[in-house]
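Enquirer: Next up is a structure, given as structure tokens.
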Amino acid sequence: MPAPAAATAVQVPLWHHYLQAIRSRGAPRAQDFQRAEDVLLTVLERVHALDPRFVVDYSRGLEAFQFALRSSEDPLDMQVPLWVDAEALLIEEPEAAQPGDGPELCRLGVPREGAGLERWTTDDIFTASSEGDARCRGHIVPSKVLCVLRDLLVAAIVHCKHHSLIAPGSLNAASLREERLHLSLLVSSGWRTISFHVVPVVRRRRGVPALEGAQQMPGLPEGSLRRVLSQGVDLVPASAQLWRTSTDYLLTRLLGELGSLQGHRLDSLSVLDRVNHESWRDGGQTDGLTFGHLKVTGGALQGVHHWGPGVGAPGCLITDSRGPANPSPRTCLQFQVFNIQDEDRISAMQGIFRKTRTLSSEES
């Protein structure tokens, strides 16, 4: 009697290899990030010593965790909070703005009756209003704030190098003089070079209008969403004169909440970022969706502004004609990820890989 045929070897799906690779690099990537962050924090400490209006943000424990999830090498934001009571400022929306047009745009006004705001009325960051404005003394101007912060960074880098506070060659400031809404620095961490966008931010304790009506994803600990949203939003430069709301800080905190849960939500995000980086963006050589867009697919939020009606726990990628820095729920491309259980999520992600490989083969 012939011997029974050998059992067919189980083929390990491609997504499993990707996920193993991402996990194996997670700890080294986190360490690389922390070393690079230490260099930048050292420089920012000197910035604060030169000008106390700019504060060093040490509450960044989740950024290393987030960096470990990624395969992409998009620049990372290093936020520099301004030492100002945002609740004491006047938030003035542009007259042409329409509800739902995207991130809220505003000007930051200093009230005439405000106390303790004198440091924010100096000519280097402030433009005075006309004498006829009874409420507003003038405005804190993003372009001026960026210019001051740029000069402070240059002085701080020179100081840190001169006093051997940072290693030679650990920081490249060649792009610092470019006129943008952020300040670019390249920081070396071992063999890896990490690009940072230094961004001045104004922290507000108010709610998030764009997320009103959002519902907590099933499985998150009770009150997690409310606790995160209660931290408010950031205001970051949107143009030379205007600021805009940014929820990136909140999304990072929500990722941290997801990391405490069982299941494959963060695994799915990591694999999707790998697919986006290698296939959809040609190894990072072309523009496209960033990790900031993909973070929304974690599924931590379900809200009428972001998700289609009747959907359980989908993800959504938001893109906008005005660029990736200004996603708008009104003009967005919705990318439904998985409204399914975790076991099915793995199978569905495997299907994405098959389709991606097929498309890549057809294009080559």
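Enquirer: Taking the Cβ of R29 as the center, what net charge do the other residues with Cβ under 9 Å away carry, scoring Lys and Arg +1 and Asp and Glu -1? Don't skip to the end; give the middle numbers.
Expert: Numbers: positive: R25, R70, R192; negative: D32.
Charge balance near R29 sits at +2.
Enquirer: Using only the Cα atoms, work out Rg/Rh for segment 55-201, with Rh taken as the Kirkwood radius, to two decimals.
Expert: Values: Rg = 18.4 Å, Rh = 17.9 Å.
Rounded to two decimals, Rg over Rh is 1.03.
Enquirer: Starting at the first residue of segment 55-71, write each ³J(HN,Hα) from the Karplus equation 6.51 cos²θ - 1.76 cosθ + 1.60 with θ = phi - 60°, in whole Hz, x for Gly and Pro.
Expert: 9, 8, 9, 8, 8, 10, x, 7, 5, 5, 4, 5, 4, 5, 6, 8, 10
Enquirer: Students often check this: by mean Cβ neighbours within 10 Å, which of 88-95, 281-288 ranks highest, and how do the rest follow? Show your work: numbers first, answer last.
Expert: Numbers: 88-95: 14.1, 281-288: 11.4.
Answer by packing, highest mean first, reads 88-95, 281-288.
Enquirer: When a footprinting reagent is the concern and you count Cβ atoms within 10 Å, what order do H163, H277, H264 take, fewest first? Don't skip to the end; give the middle numbers.
Expert: Numbers: H163 9, H277 23, H264 18.
Ranking H163, H277, H264 by Cβ neighbours within 10 Å, fewest first, gives H163, H264, H277.
Enquirer: Given L149, S170, H139, which one lies farthest toward the positive end of the charge dipole of segment 134-183, if we put +1 on the Cβ of every Lys and Arg and -1 on the Cβ of every Asp and Glu?
Expert: H139
Enquirer: What is the spin-label model distance, in nm, from R23 to E95 if the labels are put 7 Å beyond Cα along the C-beta direction?
Expert: 5.9
Enquirer: Taking neighbour counts of Cβ atoms within 10 Å as a proxy for exposure, in what order, fewest first, do L258, L185 appear? List each step's numbers first, then the result.
Expert: On the way: L258 19, L185 24.
Lowest to highest Cβ neighbour count: L258, L185.
Throughout, read-outs are computed from the coordinates displayed, never taken from laboratory work. For clarity, every value in this text was computed on a predicted model and none was experimentally measured. Positions of Cβ are generated from backbone atoms using ideal geometry, with glycine treated the same way; all protein chains shown enter the neighbour counts.
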